[in-house]
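Taken together, the values in this text are just the output of simple stated rules run on the coordinates, not laboratory data. Predicted model, so just to flag it, every value in this text is computed and none were measured. Don't worry about glycine lacking a Cβ; one is built from the backbone with ideal geometry, like all the others, and counts go over all protein chains shown.
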Amino acid sequence: MKCSIFVPGHITGFFQIIDHPNPLYKGSRGAGVVLNKGIITELKIEDGAEDVKVKINGKSDPKNASITYKTIDLIKNRFKLEDKKINIKHEFQVPISTGFGTSAACALGTSLAMTKTLNLPLTFNKAASFAHLAEIEMKSGLGDVMAEITGGIVLRLIEGSPGIGMADKIIEKNSEVFIISKTLGEIETSKIIEDPYYKKRINQTGRKLLDELIKMPDLKTFIKLSRKFAEETSLMNSELHELVEIFDEETMGASMAMLGNTVFALSKTPDISVEDVLISKIDNLGCKFI
């Protein structure tokens, strides 16, 4: 029994952290863009002695595979799965741990593929909620799961897992929009979202920006507000700021990917003077079996 699924990457422009004692209701509000590059997950399940193996880009990677193991454990515990050999391969088309929603993509690919392969009695949202739970428990993200199943320029209006939270999206007026990004390194998400100083600044800024975008839902407003968020929260370091300025001059606008040491810009063309960038487009469909 096997299947494959593509889960797009997601870059958050701005957000607000919403706590709740029930992890299904915990999450974030905000806005971001879903990319047509992400993670392809291949799952193979066989009967036999219980065993779980996860590979990322063909290699064992315990640190980055931890979200996958957590998702598998949540599903196994819920359905009492035994005597199964589970093999998962994740192929990354975007950088890891740099603001592209890769942990959510791994969790989603795992939960949806297991649901389909094992014919579990779960709807799409119920299956995706296991990915959200894994993200919350691992403190690796808050709203990427909702965005990656929605696609487009996503407005996360109500926090929580799929089926509980609510999202909308911007209708694109431009025929073709490119997302140009450049990564300078990693940022550990948990260190930011659990830090009282940053959490306060994030919530003070993110709360008002979502209302502004709802009033004027277009790409230029989204990227402008994302830049405002990065600056007012003091999350953007000097090196990123310098690069954002360059990107901003040559595109529709640029900001920092939340939360990653990455610059991203929306552009009408894929051309830019900066070298070694990732060029992608907007994915309007969200995750899909392939």
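Results, tabulated for the structure shown:
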item	result
GLU194 versus ASP276: modelled label distance in nm, points set 7 Å from Cα along the beta carbon direction	3.1
Cut-off under 5 Å, modelled amide H: who pairs with MET252 long-range	LEU266, SER267, LYS268
Relative counts (whole %) of C-alpha pair distances in the range 5-50, using bins that are 5 Å wide	5, 15, 13, 13, 15, 15, 11, 8, 4, 0
GNM result for the chain, Cα springs below 10 Å: residue of THR262, THR71, THR233 fluctuating most strongly	THR233
Around SER103: net Lys/Arg minus Asp/Glu count, Cβ-Cβ under 13 Å	-4
Whichever aspartates and glutamates have a C-alpha closer than 14 Å to that of LYS89, once near sequence neighbours (fewer than 8 apart) are set aside	GLU42, ASP61
Ranked PHE100, PHE6, criterion: other C-beta atoms within 10 Å, fewest first	PHE6, PHE100
In degrees, nearest ten, helix 102-118 long axis to first principal axis of the chain (Cα)	30
Selected from LYS76, LYS173, LYS55 as most flexible by GNM, with the chain as the system and alpha-carbon contacts under 10 Å	LYS173
Degrees between helix 196-215 axis and first principal axis of the chain (Cα, 0 to 90, nearest 10)	70
The chain: relative contact order as a whole-number percent, Cα under 8 Å and 6+ apart	26
Shape call, the range 145-290: gyration tensor on alpha carbons, a/c limit 1.5	rounded
The range 41-113 versus the range 165-218: alpha-carbon centroid distance in Å	27
Rounded to 5, the percent of DSSP beta bridges in the range 1-158 classed as antiparallel	85
Principal axes of the chain: Cα extent on each, largest first, Å	58, 40, 33
Residues VAL94, VAL7 arranged by fewest to most Cβ contacts within 10 Å	VAL94, VAL7
Over 29 Å (Cα to Cα) - which of LYS53/LYS182; LYS53/LYS139; LYS228/LYS288; LYS76/LYS182 fall in this group	LYS53/LYS182; LYS228/LYS288; LYS76/LYS182
Ordering of 156-162, 26-32 by packing [mean C-beta count within 10 Å, highest first]	26-32, 156-162
Degrees, to the nearest 10: 62-79 long Cα axis against longest axis of the chain	50
At R0 = 30 Å, FRET efficiency that the Cβ-Cβ distance of ASP47 and LYS126 yields, to 0.05	0.75
Per-residue HN-Hα couplings for the range 35-49 [Karplus 6.51, -1.76, 1.60; θ = phi - 60°; Hz; x = Gly/Pro]	9, 8, 10, x, 10, 9, 10, 10, 10, 10, 10, 10, 6, x, 4
Fewest-first ranking of VAL154, VAL274, using other Cβ atoms within 10 Å as the exposure measure	VAL274, VAL154
Long-range HN-HN contacts of ILE187 with modeled amide H, under 5 Å	ASN261
Table column - 3J(HN,Hα) (Hz), the range 164-169, Karplus curve with 6.51, -1.76, 1.60, x for Gly and Pro	10, x, 9, 10, 10, 8
